[in-house]
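The values are calculated or read from the model by the stated rules, or taken from the named source; none is laboratory data. Predicted model only: the values in this text are computed from it and were never measured. Methodologically, a virtual Cβ is constructed for each residue, glycine included, from the backbone with ideal geometry; neighbour enumeration extends over all protein chains shown. Ligands, DNA and RNA are excluded from the accessible area calculation, which covers all protein heavy atoms including side chains. Shrake-Rupley method; radii C 1.70, N 1.55, O 1.52, S 1.80 Å.
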Amino acid sequence: MRRIDPSEAHAKPLPTPDADSQAYWDGLQQGRLLLQHCGACGHVQFCQQAICRRCAGTELLHRPSSGRGTVHSFSVVHRAPGPAFKQDTPYAVLLVELEEGPRMISSLVDADPMSVDFGMAVELVCEEVNSRITLPRFRPATSAKALPTRG
Ligand SMILES: [Zn+2]
């Protein structure tokens, strides 16, 4: 578990957990990225919702992701969207395709943002912001070889 500088933590906008997403945020605090698995059709989704996006089923089970994935797309931000992010530039925003299939937006840590490339293997880093919020970030994979990119 990483901890970010407390002086930085309050300056940036943070997510607000709700009834649908509380389990997801609790999972991150325990170092696990939870995905919703549909008990009716098997669909796996990243976005925490009350129903399955494929079949509208309501039997959704939380299971931890392997935390491994590949960079499906990315953008390196040189001009901060607000003052709180200025010290971070340049930084890489990633669209990560998880091993389980869903894609999620995150950002790169522990690497030069200019080193990011399509298909790069990455792994989850849980970054604790405060006692309620831990954010999912990704760093270059250290243990897994590159995964094939799905079409
Ligand atoms: Zn379903």
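Figures for the structure shown
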item	result
Candidates Pro15, Pro136, Pro83: whichever shows maximal mean-square fluctuation once the chain is modelled as a Gaussian network with Cα springs under 10 Å	Pro83
D (Stokes-Einstein, µm²/s), Kirkwood Cα radius, the chain, 1.567 mPa s at 4 °C	80 µm²/s
Exposure of Cys55 as accessible area (Å², to 10), given a probe of 1.4 Å and all protein chains	60 Å²
Two-decimal log10 I(q)/I(0) for the range 66-151, as the Debye equation yields it once each C-alpha is a single scatterer, q = 0.23, 0.26 Å⁻¹	-1.12, -1.32
Virtual spin-label span in nm between His78 and Asn130, 7 Å along Cα→Cβ	3.4 nm
Candidates Ala19, Ala84, Ala50, ranked by Gaussian network fluctuation over the chain, Cα under 10 Å, top entry	Ala19
Neighbourhood net charge (9 Å Cβ-Cβ; Lys/Arg +1, Asp/Glu -1) for Gly67	0
Solvent-accessible surface ranking, highest first, for Leu60, Leu94 at 1.4 angstrom	Leu60, Leu94
Exposure of Ser107 as accessible area (Å², to 10), given a probe of 1.4 Å and all protein chains	20 Å²
Sum of -39500 (n - 2.57) over DSSP H runs of 4+, divided by residues of the chain (222 nm, nearest 500)	-2000 deg cm²/dmol
Heavy-atom SASA rank of Arg54, Arg79, Arg63, Arg139 (probe 1.4 Å, accessible area, largest first)	Arg79, Arg54, Arg63, Arg139
Accessible-area composition of the chain, carbon plus sulfur, in percent [1.4 Å probe]	51 percent
Heavy atoms of Thr16: accessible area, 1.4 Å probe, square angstrom to 10	110 Å²
